[in-house]
Amino acid sequence: MWSNESTASICYVGCRNEMFSIWCWVMYRLVLAKHYINDVLYFPHNMDFRGRVYPISPHLNHMGDDINRGLLKFAKGKSASLPTLSNKRQHIKGSGLAREDCDG
């Protein structure tokens, strides 16, 4: 039989290891963010057969968790104006991802 002390000790060690793992994970992202603090980042993306895009970088990207997104700041924000939307529509038609009956 396990005693209460050994069960508490196992729980303590597991909790300590989990907290250390989280600490290392957060510190790694902070070091990456500090490295690129004054640089403009461009995130390369992959596009799958359905037209969905995913960032290639697994560690620091805009589609990550709240910590990743909180560390990023847009360099030059632009509103989605009509010419921008029409350019995107034209790009989608040219890539073959749009349906044939799509007009725009």
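Give the calculated FRET efficiency between Tyr12 and Ile67 to the nearest 0.05, with a Förster radius of 30 Å applied to their Cβ-Cβ distance. Using R0 = 30 Å, I get an efficiency of 0.70.
Sort Lys76, Lys88 so the one with the fewest other Cβ atoms within 10 Å of its own Cβ comes first. Each step should come with its number before you reach the end.
On the way: Lys76 5, Lys88 12.
Starting with the residue having the fewest Cβ neighbours, the order is Lys76, Lys88.
Shown in residue order for the range 47-55 are the 3J(HN,Hα) couplings computed by the Karplus curve 6.51 cos²θ - 1.76 cosθ + 1.60 at θ = phi - 60°: 10, 8, 5, 8, x, 7, 10, 9, x Hz (x for Gly and Pro).
Rounded to the nearest 0.05, what FRET efficiency is calculated for Phe20 and Val40 with R0 set to 35 Å and r the Cβ-Cβ distance?
Values: r = 34 Å, r/R0 = 0.96.
Efficiency at R0 = 35 Å is approximately 0.55.
Both the radius of gyration and Dmax for the range 4-78 are 18.1, 60 Å, in that order, over alpha-carbon atoms.
Every read-out reported here was derived from the displayed coordinates using simple, explicitly stated rules and does not represent laboratory data. Please read all numbers here as calculations on a predicted model, not as lab measurements. Cβ atoms come from the backbone with ideal geometry, glycine included; neighbour counts cover every protein chain shown.
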